Amino acid sequence: MERSRVLIVASLLLLPLAGLEARILWLQVLHPGGAAGDLVNRSIDLAPAPRGRILDRAGRVLAEDVWSFDLHVVIEEFEKRPSARADLLVLLGRPPAELDAALEEIYRRIEKLMSQRPERERPKIFSRERKTPYPLFKSITKEAAYAIETRGENFPGLVVREGLRRHYPYRDVGAHVVGYLGRASGLKREQFQELLEKGYFSEGFDELIGEEEVELLARRGLFDGTMTPRDGVERTHDDRLRGHPGLIILERDPATGKKNWVGLAPPRQGEDVTLSIDIELQKDLAAILGEARGEDGQAKVASAIVADPETGAILALQSSASFDPNAFIPPTRSDQVDAYLKSPQNPLLNRLVKSDIVLGSIFKIATSIAALEKGHVRPQDSFLCAGRYRPELPGTNCWIWNKHGGMHGEVKLAEALEQSCNCYFYALGDRMPLRDVAEWASRLGFGERTGIDLPAEWGGKLPRPDEKRYARWRPGDSYSLYIGQHELTVTPVQVLKMICAVANGGSAVTPALAMGGPPPRSLGLKPSTLATVREGLKAVVHGERGTAHQTDLRNVDAAGKTGSATFNAREHKSHAWFAGYAPADKPRFAIVVLVEDGGSGGHTAAPLAAKIAARVMAEAPPK
């Protein structure tokens, strides 16, 4: 008897719990998202999540989210008072056309929602959506937000929300490093749909709303204002930087206008990313590059990278053709963005990783390493430079003949690098096959991406003998390639990778911006190879016949190689290059400078490198 009573009481106590478990099972398993339908009808919205900051090596902020005010509108209430439109335009200081376009976009979305449902449901959808807050304007002023909130009777249907706005305090300095963000609405339709299907906009919402509700929110344009990465570290490290928004629901009393946001899921802040960049060095680099002039005296686009040769960590990466990422953050500065897009300098292009440009004589470093490693030449072997190598073949003269009608005489490998003697490397071309140069050039980083943590890196073009299109390779083509001409194209970051290997004793590094990049790996270079090449590069600066001897690079005890890469032979136009390191015997940093259409590397790029090197050496701690 007593046992029966206990069972009855226990059953009565457990029955409600069993019902609750059944309800949870129905909601989460059998009908996921079903309970959220009402929530969607009750004006569900996103709670913004701060994106992680981007910091330089000293913790200085390169990019961060700052709080702002976003304006939403409930169409039905807003249109009840015609004067609200005029009052809003005065308050915001915006043209009528801008408000018209924003409202038209909302109606377009409502019509699209209606068109996807049966005719009998469309009136209900129209009524529901006109009572739903839609995003109207992002980042309104604090004064405007305060006026709307305190004088609600003048602005019916307007709802102010706290939002987030990305801010780049250094503007065009380091823009190609940090990158920028853009509204999701600016993506191509297939790109947006791919992100939507991957849950980019709705991660963590699974237990609250289902796929249909997420699609509805997307059609309402709720995700359109989400800022998505377009370039730079913002894009490559988006998985760490990106915060995950929360879900909130708006409770509103149409009679009193009283509003209350109720949280359903909390937002999660993104992770900070610390870079190896020194923003103060970056600022000075930008100023130096802004002074770039070609041999013709005209201002030129100049770019440079400074890195730790031991690790590949980037200390500064800058181009004089840059942009302000803040221009892309709503409210976007459309006139400025348009100017960037139309500029002949193409400032949005990150030349340091996306250029496809001829290299010229700096490639002689790779040719030298290949010849020494494959045993085609010894450091003490010399060749005669008579100014012209094979007169019957066009393009086989030495630069000293073309420019001065002169010759270098008998030169060894280190001397050939010092004086950038073309004829010496033509002679090497007669000794070694193209495959040996292609093999070592590839190992040094040419013809493939370096792996730097910046998006859409280009791999350049390295001619290879096993490719069918080189079946009709002519003798003169090899001569051109061995001095860095012909079809060889590179990016400055590839050149950096090679010069780091020479500077650090023969290890391949992966250039990196985020702290803690991949470890270097040995290339297996012979000590004698490195010694000979480094002797030549030191003589480029310190030797009396060195191509950079007349620059201030001597004052910082630098070593390196100049390059003048012909890109328009008819008009005698060349890009100016310098790649090197300092100090020459115990390198603490590596540097690459490119001046487009600059002419001679020794006269244009090397002096800029000297200024940059002096700046770095002034503060760089000894190793």
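The values are calculated or read from the model by the stated rules, or taken from the named source; none is laboratory data. Quick caveat: nothing in here was measured; it's all calculated off a predicted structure. Counting neighbours? That spans all protein chains shown, and the Cβs are built from the backbone with ideal geometry, glycine included.
Table: residues versus (1) surrounded by fewer than 21 Cβ atoms within 10 Å (Cβ to Cβ); (2) assigned by TED's automatic domain parsing to the domain that holds Q419; (3) not aromatic (F, W, Y).
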| position | (1), (2), (3) |
| --- | --- |
| G546 | no, yes, yes |
| N555 | yes, yes, yes |
| F567 | yes, yes, no |
| H575 | no, yes, yes |
| A584 | no, yes, yes |
| L594 | no, yes, yes |
| G602 | no, yes, yes |
| A605 | no, yes, yes |
| A610 | no, yes, yes |
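Within segment 141-159, residues that are closer than 15 Å to L89 by Cβ and free of Cβ contacts under 8 Å to residues at least 40 places away in the same chain have Cβ atoms under 6 Å from residues that are assigned to a loop (DSSP other than H, G, I, E, B) and not polar (S, T, N, Q) in no pair, counting only partners at least 6 apart in sequence or on another chain.
Restricting R122, R189, R171 to those that are among the charged types (D, E, K, R), in the same structural domain as L46 (by TED's automatic domain parsing) and closer than 30 Å to L315 by Cβ reduces the list to R171. Taking segment 143-174 as the range and being in contact with a strand residue (DSSP E or B) (Cβ under 9 Å, 6 or more places away or on another chain), assigned to a helix (DSSP H, G or I) and of a type outside the set (D, E, K, R) as the test, the residues that pass are A144, A145, Y146, I148, G152. For E544, the conditions (1) more than 26 Å from V490 (Cα to Cα); (2) in contact (Cβ under 8 Å) with a residue 12 or more places away in the chain all hold with the exception of (2).
Is it true that T529 is hydroxyl-bearing (S, T, Y) and part of a loop (DSSP other than H, G, I, E, B)? It would help to see each step written out before you state the result.
Working: hydroxyl-bearing (S, T, Y): yes; part of a loop (DSSP other than H, G, I, E, B): no.
No: the conditions fail for T529.
Residues of segment 536-545 that are out of contact with any Leu (no Cβ under 8 Å at 6 or more places or on another chain) and assigned to a helix (DSSP H, G or I): K538, H542. With respect to the stated conditions, A414 is more than 32 Å from the chain's Cα centre (by Cα), modelled with pLDDT of 95 or more and not in a strand (DSSP E or B). Residue by residue through segment 183-207, note down the ones that are surrounded by fewer than 20 Cβ atoms within 10 Å (Cβ to Cβ), in contact with a strand residue (DSSP E or B) (Cβ under 9 Å, 6 or more places away or on another chain) and either hydrophobic (A, V, I, L, M, F, W, C) or not in a loop (DSSP other than H, G, I, E, B) (or both). Result: R183, G186, L187, Q191, L195. May I ask you to list the residues in segment 319-355 that are under 26 Å from I140 (Cβ atoms) and basic (K, R)? Result: R333, single match. The single condition from (1) at pLDDT 90 or above; (2) assigned to a helix (DSSP H, G or I) that D65 fails is (2). Which condition does K374 not pass, out of (1) over 20 Å from A508 (Cα atoms); (2) surrounded by fewer than 23 Cβ atoms within 10 Å (Cβ to Cβ), if it passes all the others? It is condition (1) that K374 fails.
S322 meets the conditions (1) within 23 Å of the chain's Cα centre (by Cα); (2) surrounded by 22 or more Cβ atoms within 10 Å (Cβ to Cβ); (3) hydroxyl-bearing (S, T, Y); (4) assigned to a helix (DSSP H, G or I) in every case but one. The failed one is (4). Checked against (1) in contact with a helix residue (DSSP H, G or I) (Cβ under 7 Å, 6 or more places away or on another chain); (2) over 22 Å from A582 (Cβ atoms); (3) not small (G, A, S), K300 meets all criteria but (1). What's the number of the condition L317 fails, among (1) part of a helix (DSSP H, G or I); (2) buried (at least 18 other Cβ atoms within 10 Å of the Cβ)? Going through (1) part of a helix (DSSP H, G or I); (2) buried (at least 18 other Cβ atoms within 10 Å of the Cβ) one by one, L317 breaks only (1). Residues in segment 107-138 that are over 41 Å from the mean Cα position of the chain (by Cα) and of a type in the set (A, V, I, L, M, F, W, C) were compared, and the one that is modelled with the highest pLDDT is F126. Scanning segment 341-355 for residues being assigned to a helix (DSSP H, G or I) and under 16 Å from the mean Cα position of the chain (by Cα) gives a total of 4.
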